Amino acid sequence: MSVRIARAPGRVNLIGDHTDYTGGLVFPMAVDRWTDIRFEPSDQVELTSADESEPVTLPLRVDDPTTVSPAWGKYVAGVVSEMAPAHGIRGHVSTTIPIGGGMSSSHALEVAVALALGFEGSVVELAKLTQRAENRASGVPTGIMDQFSIAGGVAGHALLMDCGALTITPVPFPDDVDVVVQFIAHRTLVGSAYADRVRECAAAEAIIGPLREATSVAAASIDDPVVRKRAMHVVAENQRVRDFADALRAHDLATAGELMLASHASLRDLYDTSTAQMDAAVAHVASLPGVHGVRMTGGGFGGCIVALAEPGALDEGWRVRAVDGAQLLDADAA
Ligand code: GLA
């Protein structure tokens with residue numbers, strides 16, 4: 001019987017956070033840590049994991065993924081419930097993505113499960129399906145960035161993504177720059193203020209229209225001080241993504257680094273998704289020789305920071321490289 005491998009990378013976002021769920025711009029890359037599912041056909045979904053004591057066993061029809069246990073099975077169940085696949089799998093999950101480390105280990109699992117269950121379609125369709133799976137499994141209204149970058153990664157490139165048009169423009173990533181991810185504190189977006197931010201952005205859009213098209217003048221005109229701050233972040237962050245992509249294309253690392261620091265300050269002061277611990281870590285790394293820029297990355301309230309630095313300048317953290325997106329492999333070829 002043929003054994004296959006569904007392989008999905010992790011991701012890190014270089015700049016453009018809390019913009020995806022208003023159809024804004026983000027700039028992530030798929031990174032060289034992977035979740036593999038080694039599988040063969042079955043009439044249900046049976047998965048074991050190298051990192052979990054309890055296996056997941058599911059029928060091919062799942063109504064409510066939130067009721068599934070063990071906990072990691074909810075993500076599998078989210079994908080199964082979205083796909084209602086014709087055939088199941090029996091397989092084993094292993095990963096080199098730090099679990100809960102802010103590099104999208106759960107999103108990589110979702111994308112790998114979809115491929116293993118026979119998903120056929122475009123990168124955009126794969127990203128949308130696994131985003132719905134995540135939203136249903138976690139109950140958190142997260143955006144599409146994570147699944148889109150995992151599905152659509154391009155080796156050697158960062159990804160300028162338009163989360164409204166759902167397009168990816170790969171931008172070559174320079175060889176002489178290290179991307180280093182440092183894990184600061186464990187967090188989960190479940191129960192965090194993430195959903196509040198989504199609501200606050202919707203409130204801003206009810207006043208000034210789509211944030212992806214809004215000007216900073218319009219954002220600054222909003223009366224409610226909290227909604228105003230959120231809108232000001234999103235509008236400026238979209239522009240920072242454009243400027244960052246331009247800076248990278250021009251190999252202007254000083255400007256790229258300044259934009260990262262400005263993004264962090266905005267997430268801290270306007271969006272309130274940083275923590276004192278993350279601010280201290282960013283300030284420390286920014287002060288080190290050879291560092292171009294550094295910021296918190298992802299959903300926030302803990303998680304990771306990401307730095308751009310001269311090769312070898314940072315010895316703490318995970319150095320990551322941009323890789324291709326998720327794919328199905330023959331076990332012999334892997
Ligand atoms: C989490 C979500 C993403 C995105 C980021 C913030 O990672 O899953 O959709 O909103 O937070 O940029």
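Readers should treat all values here as calculations from the given coordinates under stated rules, not as data from a laboratory. Because the structure is a prediction, the values reported are computed rather than measured. Here Cβ is always computed from backbone atoms with ideal geometry, including for glycine, and neighbour counts include all displayed protein chains.
Please state, as a whole number in µm²/s, the translational diffusion coefficient that the Stokes-Einstein equation yields for the chain at 20 °C and 1.002 mPa s, with Rh defined as the Kirkwood radius across alpha carbon pairs. Before the final figure, lay out each step's value.
Values: Rh = 20.1 Å.
Answer from the Stokes-Einstein relation: 107 µm²/s.
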Response to the item:
Taking the alpha-carbon centre of each part, the distance from region 171-189 to region 3-82 in Å is 21
Worksheet entry | Cβ-Cβ FRET estimate between Ser2 and Ala165, R0 fixed at 30 Å, reported to 0.05 | 0.20
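Taking 0.36 nm per residue of sequence separation and subtracting the Cα-Cα distance, how much length would be gained by fully extending the chain between Arg319 and Ala220, in nm to one decimal?
Working: separation 99, 0.36 × 99 = 35.64 nm, distance 3.81 nm.
Separation in residues times 0.36 nm, less the Cα-Cα distance, equals 31.8 nm.
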Worksheet item: Each label point is 7 Å from the Cα along the Cα-to-Cβ direction; what then is the distance between the points at Asp332 and Asp175, in nm?
Response: 3.4
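Which value, to two decimals, describes the C-alpha radius of gyration of region 216-324 once divided by 2.2 N^0.38 Å?
So the Cα radius of gyration is 1.13 times the expected 2.2 N^0.38 Å.
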Fill in: Förster radius 22 Å - calculated FRET efficiency between Ala71 and Asp196 (Cβ-Cβ, nearest 0.05)
0.40
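Defining a contact as two alpha carbons under 8 Å apart and six or more residues distant in sequence, what relative contact order in percent does the chain show?
Details: 773 pairs, mean separation 83.6, N = 334.
Reported relative contact order: 25 percent.
In a shell of Cβ-Cβ distance under 10 Å around Leu25, excluding Leu25 itself, what net charge do Lys and Arg (+1) and Asp and Glu (-1) give? Please list the in-between numbers first.
Details: positive: Arg212, Arg240, Arg242; negative: Asp20, Asp162, Glu237.
Residues near Leu25 contribute 0 overall.
Can you show me the helix-derived [θ] at 222 nm for the chain, built from DSSP H runs with n ≥ 4 at -39,500 (n - 2.57) apiece and divided by the number of residues, rounded to the nearest 500.
Working: 9 runs with 120 residues, N = 334.
Value at 222 nm, helices only, nearest 500: -11500 deg cm²/dmol.
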